[in-house]
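Notes follow the structure.
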Amino acid sequence: MSYIPNTDLERKQMLDVVGIKHLDDLFTVVPQNLKVECLDLPEPMSELEVSKTLRAMAAKNKVYASIFRGAGAYQHYIPSIVKSVTSKETFVSAYTPYQAEISQGVLQSIFEYQTMISELTGMDASNASVYDGPSAAAEAMNMTRERNRNKVLVSAAAHPMAIESIATYFFGNEMEMELIPLKDGVTDMDALASMLNNNIAGVYLQHPNYFGLLEDAQKAGELAHSVGAKYVMSVNPIATSLMKTPREYGADVAVGDGQPLGMPLSFGGPYVGFMACTNAMLRKLPGRIVGETVDAEGSRAFVLTLQAREQHIRREKASSNICSNHALMAMVASVYMSAMGPHGMAEAAQLCYSKAHYAASKISKIPGFELQHKGDFFHEFVTKVPCDPRKVLDLLDKKDILGGLPVENGILWAVTEMNSKDQIDTLVNVLKEVSRSCN
Amino acid sequence: MNVPQNLHYTKSHEWILFLDDTTARIGITDFAQHELGDLVFVNLPQVGDKVEIDQVFADVESVKAVSDIYGPVTGEISAVNEELSDSPQLLNTQPYDAWFIEVKNISDKMKFLNAAEYQQFCEEDEGH
Amino acid sequence: MQLIFERSREGRRCAILPKSDVPVVALPADQLRSQAPKLPMVSEIDLSRHYTELEKHVHGVNDGFYPLGSCTMKYNPQINNEMASLPGFANIHPLQDESTMQGAMEMLYTAKEYLCEITGMDDMTFQPAAGAHGEFTGILMMKAYHHHRGDKHRTKIMIPDAAHGTNPATAAMAGYTVVTIPSDENGFVNLDKLREAVGPDTAGLMLTNPNTIGIFDPHICEITDIIHEAGGLCYYDGANLNAVMGVVRPGDMGFDVIHLNLHKSFSTPHGGGGPGSGPVGCKSILAPYLPKYNVVKDEDGTFRFDHAPHTIGMMRGFYGNSLVNVRALSYLLTLGNVGPRRVAENAVLNANYMKNRLAEKFDIAFPGICMHEFVITMSRVKKETGVSALDMAKGMLDYGIHPPTMYFPIMVDEALMVEPTETESKETMDEAVQIYLDLYEKAYSDPQVLKTAPHNTPIRRPDEVGAARNPKVRYLF
């Protein structure tokens, strides 16, 4: 019954110790007119009924066999060990590791995660994770703020939800944001150059960008630094295992969404946001950070450190109110990165790139489905559509294929290592049918 | 508790050393560092910033707390002790050498305590 | 324990992915990183043993009593996890057509119905990923409300001195100035001081009831009236809902917007620090400002996403920590209409039972009937023996029990805050009480043991000063 072990007998014994007669007497302090008579809710369910009810709800959702949609949530292969390790009850039910002496397992796991994210992005330091990519973007832009620099420039090719999150956070901290326009789907560097001045705190660039395209990340960094602004890059963690790192592009802060690192699509969450930075920015990083130290006998030990940045100490002087991290998801990411290793991650990235280019070359030859942009891309690309995208997607849906995402000027397709050649060929054949029926 | 005779003091435990009539160095006292415990980080202002009486111009962090440091004078910050950024422990070991800022063009000062008055103030503070 | 990098050996790997079945297309050379990341090179057996070893150095709710005040470490039911891993929830892409996600949307809508009924709210968003995230969402909604009415001069938020650190941090993050309201000697908001502080520049108040000391303030309606009369709104921090759910509703106490911590009162797991979920409920006056992607139900029973007309935007990507919300719904279905009250009654009874038994030796900061948690003060013991709250907590580690929350709330000197929750049995609490009483005796008979505790744990007290002065936040190869 609601997981309460005590019986009426035990309750009676405890009431006697407390010196009251009824459970109601515990709430005499609550004004009578406020007390709830009863809640207008269904009766409690047994475990069997809960299972039936939720299974019925889950059955109303379509799980596609073949997925070609990304736009911030990607289907990747999740090694079995990731699930088995991260579903251990101890890891799942543990609290935040404030008592270091009995929490070395959690603390070490986070320290390992921080190391892996630093290695992946090339940066000096990482925090223990935040909620997701878009909120990490917002926190990162907040980090760039300085006394006379209150405005940031954000590429219009960043994920729309990241742009929205930055805007919403800025409604709070009253910083300003302006979007950098695009040229053929990538950030217009000339426009960026003309928008920069000494009041700009930071420049935000997503690479690969929302449309899958590779950006001139080197130029953006140089331009930002030329006026003393900070350079914030958002990257895809699978791509970065093969591609030039934010560090190599001169980024001051690197963020992104770690969902591709072992997390299922999950109807949008929980995912994990990673934030890494240079040593110079370390004390501006929000959120929890684990550090290495020694104990009273000189043995290596891990602790939550630099806590004086955080809300529980700084209160209204904290730069962010963030209290928790997505610890278990950070562990998922760590187990994934360990199971894959540097070779496995590079393979995943290479498969994504090869398969996306295979798919793009086949699809773009179909009349009406030409590529929308000229630039190179990682694992997503936009094609034109010969007719109403709905028609295309409905036909694909009938074949149990989740097609790309309809965007303003076409369809945004994503291809990962999970898409076999057969799946891609089937997709191409369906699109050929669509193309014929549209003409 | 160490209370050098040649310095001025405030009730918020800052010490002031006048270099001349309108220039001074400011730090925190031995009593303060003892109360604060092991200090791990100092957030310093920048050269050129203004400091004002009773306004926070810096803060110090211990593992579990942050403490504000208040301006005892009004003026312009002409130097900042960068050594404190790398070695905040100097505040614990040598509080009267580990100055925070140098201020020039001092236009206003609080009413200071001298060494004896400050010592007495601390003793009363402890007792309460 | 070895770090995973120390277990790593050149050439070791798992064989996860197949060779390419399409032509390999090489990335242009100028796009490639110069060095591969130094990620672990391990076999699966190394990974398995590594995490098994780490697991032995973690304390889960399944390991033993976890009475952390303000955290509500209740048992995390297994059925919740099973439901969250159903492919029909776990494998749904958030951007699928709404017609193919009706079950997921029904999940959110049903959870909304249950939680609005329990809290007395009219609408709710599940976007926030945590309590602090929910606080930020709710305060931004308040700000949007005031700005929309042209009330841009309302720049102050009232927060009691006893509040959790996220409250003032949230207010500051939202661009507000914090006005701290002192508590009176009973731990309640000082009504006179509150009346003095409010005015035409008051945007609102952030409060939790019961408060962070574990006491229910019966003057709550007077407090919310004072704020409303000044034109402000009232925000309820739902962290302490476990004490009063089914007994009283924040909506009836005069609160306009609330957040809930699903990982507290609603049994979703803590995960070592996250992911949680911090849904925000509101009265209809604030509904126009809810973040995007609110689930609504049409007359024909279809669910769809709606954007509030003056939405504050988005707090993060997509719709929230959906799989955490599934767990909460699973729990809510188990509670039904009578469960919330049973939870509150048992949580409060358990806390009062432990408090009464510990009062035999320990000083209780606010004696009298408490709610779901109570605060011990070690102030006198520290004066008499030198043993502090920290030392006492570290001493508990040698007995294999998890200490309570230390040094919170800040207005109690040498505080230890204990919250047993309703999922603990009488005998578990009796064992814990005995350990606390034994430790009390030890503070007087052998204080040095406690001051140097713990002695029997995998590590002794860590050097936190060194960690903060010389931060080493990653392994250096």
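Residue-wise test of (1) within 13 Å of chain C (Cβ to nearest Cβ); (2) touching a Cys at 6+ places or on another chain (Cβ under 8 Å); (3) of a type in the set (Lys, Arg).
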position	(1), (2), (3)
A:Asn173	yes, no, no
A:Glu178	no, no, no
A:Ala193	no, no, no
A:Ile200	no, no, no
A:Leu214	yes, no, no
A:Ala220	no, no, no
A:Ile238	yes, yes, no
A:Arg283	yes, no, yes
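Does any residue of segment A:310-320 turn out to be within 7 Å of chain C (Cβ to nearest Cβ), farther than 30 Å from B:Gly37 by Cα and either surrounded by fewer than 22 Cβ atoms within 10 Å (Cβ to Cβ) or touching a Ser or Thr at 6+ places or on another chain (Cβ under 8 Å) (or both)?
For segment A:310-320, residues within 7 Å of chain C (Cβ to nearest Cβ), farther than 30 Å from B:Gly37 by Cα and either surrounded by fewer than 22 Cβ atoms within 10 Å (Cβ to Cβ) or touching a Ser or Thr at 6+ places or on another chain (Cβ under 8 Å) (or both): absent.
Out of segment A:279-303, which residues are crowded, with 24+ Cβ neighbours inside 10 Å and among the aliphatic types (A, V, I, L, M)?
Once the filter is applied, which keeps residues that are crowded, with 24+ Cβ neighbours inside 10 Å and among the aliphatic types (A, V, I, L, M), segment A:279-303 yields A:Leu285, A:Ile289, A:Val290, A:Ala301, A:Val303.
Quick check on this structure: which one of A:Leu153, A:Leu107 is more than 18 Å from the chain's Cα centre (by Cα), closer than 29 Å to A:Phe211 by Cβ and outside any loop (DSSP other than H, G, I, E, B)?
Values: A:Leu107 fails: closer than 29 Å to A:Phe211 by Cβ.
One residue alone meets the criteria, A:Leu153.
So, in segment C:441-477, exactly how many residues are assigned to a helix (DSSP H, G or I) and surrounded by fewer than 21 Cβ atoms within 10 Å (Cβ to Cβ)? It would help to see each step written out before you state the result.
Of segment C:441-477, the ones assigned to a helix (DSSP H, G or I) are C:441-445, C:447-451, C:464-469.
So of that shortlist, the ones also surrounded by fewer than 21 Cβ atoms within 10 Å (Cβ to Cβ) come out as C:441-442, C:444-445, C:447-449, C:451, C:465-466, C:469.
So the answer is 11.
Would you say A:Ala125 is small (Gly, Ala, Ser), facing another protein chain (nearest Cβ under 7 Å), in contact with a Pro (Cβ under 6 Å, 6 or more places away or on another chain) and touching a residue at least 60 places away in the same chain (Cβ under 8 Å)? It would help to see each step written out before you state the result.
Details: small (Gly, Ala, Ser): yes; facing another protein chain (nearest Cβ under 7 Å): yes; in contact with a Pro (Cβ under 6 Å, 6 or more places away or on another chain): no; touching a residue at least 60 places away in the same chain (Cβ under 8 Å): yes.
When the stated conditions are applied, A:Ala125 does not pass them.
Within segment B:88-113, how many residues turn out to be touching a Ser or Thr at 6+ places or on another chain (Cβ under 9 Å) and surrounded by 15 or more Cβ atoms within 10 Å (Cβ to Cβ)?
Going through segment B:88-113 one residue at a time, the tally reaches 11.
Within segment C:1-23, how many residues turn out to be part of a loop (DSSP other than H, G, I, E, B), at pLDDT 95 or above and at the interface with chain A (Cβ under 7 Å from one of its Cβ atoms)?
Final tally of qualifying residues: 9.
Any chance you could count how many residues in segment A:69-100 are within 19 Å of the chain's Cα centre (by Cα) and more than 7 Å from chain C (Cβ to nearest Cβ)?
8
Away from chain C (no Cβ under 14 Å), of a type in the set (A, V, I, L, M) and surrounded by 22 or more Cβ atoms within 10 Å (Cβ to Cβ), is that true of A:Val382?
Values: away from chain C (no Cβ under 14 Å): yes; of a type in the set (A, V, I, L, M): yes; surrounded by 22 or more Cβ atoms within 10 Å (Cβ to Cβ): yes.
So A:Val382 passes the test.
When you go through (1) in contact (Cβ under 8 Å) with a residue 40 or more places away in the chain; (2) on the phi > 0 side of the Ramachandran plot; (3) out of contact with any helix residue (DSSP H, G or I) (no Cβ under 6 Å at 6 or more places or on another chain) one by one for C:Gly301, which number turns out not to apply?
Exception for C:Gly301: condition (1).
Just one of (1) at the interface with chain C (Cβ under 7 Å from one of its Cβ atoms); (2) surrounded by fewer than 21 Cβ atoms within 10 Å (Cβ to Cβ); (3) in a helix (DSSP H, G or I) trips up A:Leu9, so point out which.
Just one mismatch for A:Leu9, condition (1).
Has segment C:353-361 got any residue that is farther than 30 Å from A:Pro42 by Cβ, more than 11 Å from chain A (Cβ to nearest Cβ) and buried (at least 22 other Cβ atoms within 10 Å of the Cβ)?
no
Would you check which residues across segment C:156-168 are more than 9 Å from chain A (Cβ to nearest Cβ) and at pLDDT 95 or above and list them? Spell out how you get there, then give the answer.
Of segment C:156-168, the ones more than 9 Å from chain A (Cβ to nearest Cβ) are C:156-158, C:160-162.
Of everything in segment C:156-168, those that are more than 9 Å from chain A (Cβ to nearest Cβ) and at pLDDT 95 or above turn out to be C:Lys156, C:Ile157, C:Met158.
Between a residue in segment B:43-64 that is more than 19 Å from C:Ala467 (Cα to Cα) and any residue that is surrounded by fewer than 18 Cβ atoms within 10 Å (Cβ to Cβ) and among the hydrophobic types (A, V, I, L, M, F, W, C), which pairs come within a Cβ distance under 8 Å, given they are 6 or more apart or on different chains?
The qualifying pairs are B:Val47/B:Ala79.
Could you list, ordered by first residue, the pairs with Cβ atoms under 7 Å in which the first is in segment A:351-362 and at the interface with chain C (Cβ under 7 Å from one of its Cβ atoms) and the second is in a helix (DSSP H, G or I) and at pLDDT 95 or above, at least 6 apart or interchain?
Listed pairs, sorted by first residue: A:Lys355/A:Ile424; A:Tyr358/A:Ile424.
Tell me the helices (runs of 4 or more DSSP H) entirely within segment C:54-155 that contain at least 1 residues that are free of Cβ contacts under 8 Å to residues at least 24 places away in the same chain and either buried (at least 20 other Cβ atoms within 10 Å of the Cβ) or at the interface with chain A (Cβ under 8 Å from one of its Cβ atoms) (or both).
Fully inside segment C:54-155 and qualifying: C:78-84, C:87-90, C:102-119.
Restricting attention to segment C:249-288, which residues are assigned to a loop (DSSP other than H, G, I, E, B) and of a type in the set (Val, Ile, Thr)?
Just the residues of segment C:249-288 that are assigned to a loop (DSSP other than H, G, I, E, B), to begin with: C:249-256, C:260-279, C:283.
Passing the criteria: only C:Thr268.
Tell me which of these C:Lys394 doesn't satisfy, since it passes every other one: (1) assigned to a helix (DSSP H, G or I); (2) more than 9 Å from every other protein chain (Cβ to nearest Cβ).
Exception for C:Lys394: condition (2).
Say whether the condition of being in a helix (DSSP H, G or I), facing chain A (nearest Cβ under 7 Å) and more than 29 Å from the chain's Cα centre (by Cα) is met by at least one residue in segment C:25-40.
Step one: list which residues in segment C:25-40 are in a helix (DSSP H, G or I), which gives C:29-31.
Going one step further and asking which of them are facing chain A (nearest Cβ under 7 Å), we end up with C:31.
After this cut, where a residue has to be more than 29 Å from the chain's Cα centre (by Cα) as well, the list is C:31.
There is at least one residue in segment C:25-40 that is in a helix (DSSP H, G or I), facing chain A (nearest Cβ under 7 Å) and more than 29 Å from the chain's Cα centre (by Cα).
Among the residues of segment C:451-471, which ones are closer than 23 Å to A:Leu107 by Cβ and more than 7 Å from every other protein chain (Cβ to nearest Cβ)? If you could, list the steps in order and put the result at the bottom.
The first filter runs over segment C:451-471 and keeps only residues closer than 23 Å to A:Leu107 by Cβ, leaving C:452-471.
Passing the criteria: C:Thr452, C:Ala453, C:His455, C:Asn456, C:Asn470.
Which members of segment C:169-185 meet the condition of being touching a residue at least 24 places away in the same chain (Cβ under 8 Å) and within 11 Å of chain A (Cβ to nearest Cβ)?
Scanning segment C:169-185 gives C:Ala169, C:Thr170, C:Ala171, C:Met173, C:Ala174, C:Gly175, C:Tyr176.
Run down A:Ala276, A:Ala254 and say which single residue is farther than 30 Å from C:Met101 by Cβ, crowded, with 24+ Cβ neighbours inside 10 Å, within 17 Å of the chain's Cα centre (by Cα) and within 12 Å of chain C (Cβ to nearest Cβ). Give the derivation first.
Values: A:Ala254 fails: within 12 Å of chain C (Cβ to nearest Cβ).
The match here is A:Ala276.
I need the full set of residues from segment C:255-273 which are touching a residue at least 24 places away in the same chain (Cβ under 8 Å), out of contact with any strand residue (DSSP E or B) (no Cβ under 6 Å at 6 or more places or on another chain) and of a type outside the set (Phe, Trp, Tyr), in order please.
Residues of segment C:255-273 touching a residue at least 24 places away in the same chain (Cβ under 8 Å): C:255-270, C:272.
Cutting the leftovers down to out of contact with any strand residue (DSSP E or B) (no Cβ under 6 Å at 6 or more places or on another chain) gives us C:260-270, C:272.
Within segment C:255-273, C:Leu260, C:Asn261, C:Leu262, C:His263, C:Lys264, C:Ser265, C:Ser267, C:Thr268, C:Pro269, C:His270, C:Gly272 qualify.
Select from segment A:291-303 the residues that are more than 7 Å from chain C (Cβ to nearest Cβ) and assigned to a strand (DSSP E or B) and write down the one among them that is farthest from the chain's Cα centre (by Cα).
Filtering segment A:291-303 down to residues more than 7 Å from chain C (Cβ to nearest Cβ) leaves A:298, A:300, A:302.
With assigned to a strand (DSSP E or B) added as a condition, the list becomes A:300, A:302.
Working: A:Arg300: 32, A:Phe302: 26 Å.
The residue in question is A:Arg300.
Taking A:Thr96, is it surrounded by fewer than 24 Cβ atoms within 10 Å (Cβ to Cβ), part of a loop (DSSP other than H, G, I, E, B) and assigned by TED's automatic domain parsing to the domain that holds A:Pro270? If you could, list the steps in order and put the result at the bottom.
Working: surrounded by fewer than 24 Cβ atoms within 10 Å (Cβ to Cβ): yes; part of a loop (DSSP other than H, G, I, E, B): yes; assigned by TED's automatic domain parsing to the domain that holds A:Pro270: yes.
So A:Thr96 passes the test.
Which one of C:Val449, C:Val381, C:Val418 is in contact (Cβ under 8 Å) with a residue 24 or more places away in the chain and closer than 21 Å to C:Asn242 by Cβ? Before you say what the answer is, go through the steps one by one.
Working: C:Val449 fails: closer than 21 Å to C:Asn242 by Cβ; C:Val381 fails: closer than 21 Å to C:Asn242 by Cβ.
After ruling out the rest, the residue left standing is C:Val418.
The values are calculated or read from the model by the stated rules, or taken from the named source; none is laboratory data. Keep in mind that this is a model prediction, so the values were computed, not measured. FYI the Cβ positions are ideal-geometry reconstructions off the backbone, even for glycines, and counts take in every protein chain you see.
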